[in-house]
Every structure is written in structure tokens, then in C-alpha cells.
Amino acid sequence: MTPNQTPRAPVDRTIIAALHLPDLAVARQTSTAYLEDYVLANAAVFAQAGVPSLMLQDQTRQNGPAAPSTVALMAALGGLIRRAHPAMDLGIIIQAHDAVAPLAVAHACGASYVRLKVFVGAAMTMEGPKSGLAVEARSYRHDLRREDIALFADVFDRTSVPMIDVPPHEAAQAAVRLGADALILTGATFSDSLERVRAAKAAGVRQPIYVGGSVTQDNVAQTLARADGAIVSTSLMRDGAAVTDLVRWDHDKTQRFMDAARAATSGRGR
């Protein structure tokens with residue numbers, strides 16, 4: 001932490017809503033002005049429903065590091081969200097397999113955490129093999145003197161197949177040893193996700209653990225009884241929403257989800 005930075009106050013990340021950008025690799029005609037309107041319109045849905053933390057998610061698929069244009073755009077859009085909703089916590093995920101880009105964006109726009117999809121080990125994805133980013137991410141964060149930016153680590157995400165024969169709870173322990181500040185566990189099914197959370201906690205993992213998929217209004221109480229938080233997006237979308245719609249998330253669904261989440265945690269001092 002540099003002399004100009006002040007420690008962050010504790011934030012509530014019980015629920016993290018993911019705001020997906022269009023895949024800019026196949027939507028290059030999308031203007032910056034449109035993306036600004038899109039981000040502000042959808043961030044407002046989450047803010048008005050009381051979602052405490054928002055993760056801005058770049059969907060551009062790219063081999064190797066993120067393009068400079070992606071880094072610049074994400075930093076600009078992240079800064080826009082921070083100015084419009086300063087009370088809402090912000091995270092960054094960039095879909096290129098890149099440890100540096102999300103941290104650089106978070107550093108520039110004031111985000112407080114980044115999500116890295118392959119943190120430890122190696123995984124085969126539909127885009128090809130990817131190796132763990134833990135060492136590079138921790139080193140670059142140190143170079144930035146930004147240890148206040150938290151590293152959220154996926155452990156054997158369900159969109160990939162592990163290339164090492166290690167049980168998920170052991171991979172979770174390794175992620176913690178390599179610097180993860182929080183873990184995201186997402187099994188093939190909702191029940192598998194909860195079992196992975198149980199096994200990791202039983203193995204001694206003390207960092208916060210999030211369920212990364214299949215969380216809904218109907219099962220959020222069950223999720224928060226086992227995990228420390230949840231990342232949610234699809235279940236809050238408008239029925240029939242198209243990728244070209246300006247507003248893709250539904251205010252009423254989001255409000256009902258947050259009401260259920262708050263009811264589930266009201267007696268736990270969150």
C-alpha cells in the first residue's frame with residue numbers, strides 16, 4: 001500500500017452480482033457510448049435492489065494476454081461504475097487468461113478485488129489448456145503495492161476439466177497457500193458445489209468461500225448456510241433478455257433475491 005492509499009473499510013460481499021459485457025470480439029461495432037449506457041443502466045438495477053458488490057465481467061475470448069483496448073475499456077467502465085455508485089463494492093474479471101490485466105484495471109479504476117478463473121494447477125477448457133495464474137498475479141499485485149486488491153480464485157471451475165489429479169479440497173488448500181484471499185467453488189451441480197464448500201472448510205480453509213453458479217432466490221438461504229457468499233447473474237436476468245438489450249437484468253427479480261438473502265443472513269451478524 002502506497003502512502004496515498006488508505007485502508008479500505010470492511011465491505012459486505014455476501015452477494016456479488018456479475019454484470020456481463022457483450023463479447024467484444026464478435027460485437028466490435030458496439031460503441032463506447034453504448035457500453036457506458038449499458039453498464040450504467042444495469043449497475044443501477046443492482047444498486048437499487050441493494051446488491052452490495054458488483055463484478056464487471058469482460059466476456060471477450062482471446063488467446064494470450066488481454067488486448068490493450070480491453071484493458072483501457074474495462075478501466076474506463078469500471079471508473080464509471082465507481083463514480084455512479086461509490087457505495088457499491090466493485091470487482092473485475094477479464095476472460096483472457098491473464099494475471100496482469102484485471103489487476104491493472106482494478107488499480108486504475110478503484111476496484112477492490114479481481115477474479116481469476118484458473119488460479120492453481122492446470123485446466124483444459126473449450127479454448128485450450130490453461131495453467132495457474134497464482135504466482136504471476138501475486139507478484140504483479142506486489143509490484144503495484146496493492147495488496148488491498150483481493151485475489152478471488154476459482155478452484156476447478158465447472159467450465160473446465162482439471163489436468164492434475166488432485167481432489168478439489170486439496171486444490172483449495174493450495175490456492176490459499178499461493179495467495180488467494182477468497183475461493184470460488186462451482187461444482188457440476190448445485191449440490192456438488194455445496195459439497196465442495198463443505199469439504200474445503202472441513203480441510204481447514206478459513207478464507208471466504210463463494211458458490212459461483214446455480215444460486216437462485218429459492219436456494220440462496222441454503223447456499224449461505226454453507227458458504228460465505230454467492231456470485232449470481234443468470235437467475236436475475238429478465239425473461240427473454242437478449243444480448244443486444246440495453247437492460248438485461250430484472251429489478252423485481254433482483255429485489256426478491258436480495259430480500260431472500262438478507263432474510264437468510266439477518267441473524268448472523270453480516
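The values are calculated or read from the model by the stated rules, or taken from the named source; none is laboratory data. Predicted model, so just to flag it, every value in this text is computed and none were measured. Glycine also receives a Cβ, built like all others from the backbone with ideal geometry; neighbour counts cover every protein chain displayed.
Here is a check on your reading of the model: is T70 closer than 25 Å to L185 by Cβ, in contact (Cβ under 8 Å) with a residue 24 or more places away in the chain and polar (S, T, N, Q)?
No, not satisfied.
Checking D89 against (1) under 24 Å from L24 (Cα atoms); (2) in contact with a Ser or Thr (Cβ under 7 Å, 6 or more places away or on another chain); (3) surrounded by 16 or more Cβ atoms within 10 Å (Cβ to Cβ), which single condition isn't satisfied?
It fails just one condition, (1).
Restricting to segment 235-245, and then to whatever is of a type in the set (G, A, S) and part of a loop (DSSP other than H, G, I, E, B), can you tell me which residue is modelled with the highest pLDDT?
Top of the filtered list is G240.
Which of the residues spanning segment 138-156 are farther than 13 Å from A122 by Cα, assigned to a loop (DSSP other than H, G, I, E, B) and among the aliphatic types (A, V, I, L, M)?
If the condition is that a residue be farther than 13 Å from A122 by Cα, assigned to a loop (DSSP other than H, G, I, E, B) and among the aliphatic types (A, V, I, L, M), then I149 is the only one that fits.
Which one is surrounded by the most Cβ atoms within 10 Å (Cβ to Cβ) among residues in segment 96-139 that are among the polar types (S, T, N, Q) and within 25 Å of V11 (Cα to Cα)?
The qualifying residue surrounded by the most Cβ atoms within 10 Å (Cβ to Cβ) is S112.
Identify, from the list A122, A200, A137, A111, the residue that is more than 19 Å from I93 (Cβ to Cβ), touching a Pro at 6+ places or on another chain (Cβ under 9 Å) and at pLDDT 95 or above.
When all the criteria are applied, what remains is A200.
Tell me, yes or no, whether segment 159-174 has at least one residue that is buried (at least 17 other Cβ atoms within 10 Å of the Cβ), touching a Lys or Arg at 6+ places or on another chain (Cβ under 9 Å) and within 20 Å of D58 (Cα to Cα).
Yes, segment 159-174 contains at least one residue that is buried (at least 17 other Cβ atoms within 10 Å of the Cβ), touching a Lys or Arg at 6+ places or on another chain (Cβ under 9 Å) and within 20 Å of D58 (Cα to Cα).
Could you please give the count of residues in segment 122-165 that are at positive phi and within 19 Å of the chain's Cα centre (by Cα)?
Here the count works out to 1.
Condition check ((1) at pLDDT 95 or above; (2) under 21 Å from G91 (Cα atoms); (3) in a strand (DSSP E or B); (4) of a type outside the set (A, V, I, L, M)) across all residues:
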{"residue": "A230", "(1), (2), (3), (4)": "yes, yes, yes, no"}
{"residue": "V247", "(1), (2), (3), (4)": "yes, yes, no, no"}
{"residue": "K253", "(1), (2), (3), (4)": "yes, no, no, yes"}
{"residue": "G269", "(1), (2), (3), (4)": "no, no, no, yes"}
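Report every pair of residues separated by at least 6 positions or lying on different chains whose Cβ atoms are under 7 Å apart, first residue within segment 248-266 and free of Cβ contacts under 8 Å to residues at least 60 places away in the same chain, second in a helix (DSSP H, G or I) and among the hydrophobic types (A, V, I, L, M, F, W, C).
Pairs found: K253/L236; A260/V220; A260/A221; A264/V220; A264/A221; A264/L224.
Which residues, counting only those in segment 157-171, are of a type outside the set (S, T, N, Q) and either more than 14 Å from L194 (Cα to Cα) or part of a strand (DSSP E or B) (or both)?
Selection gives V161, P162, M163, I164, D165, V166, P167, E170, A171.
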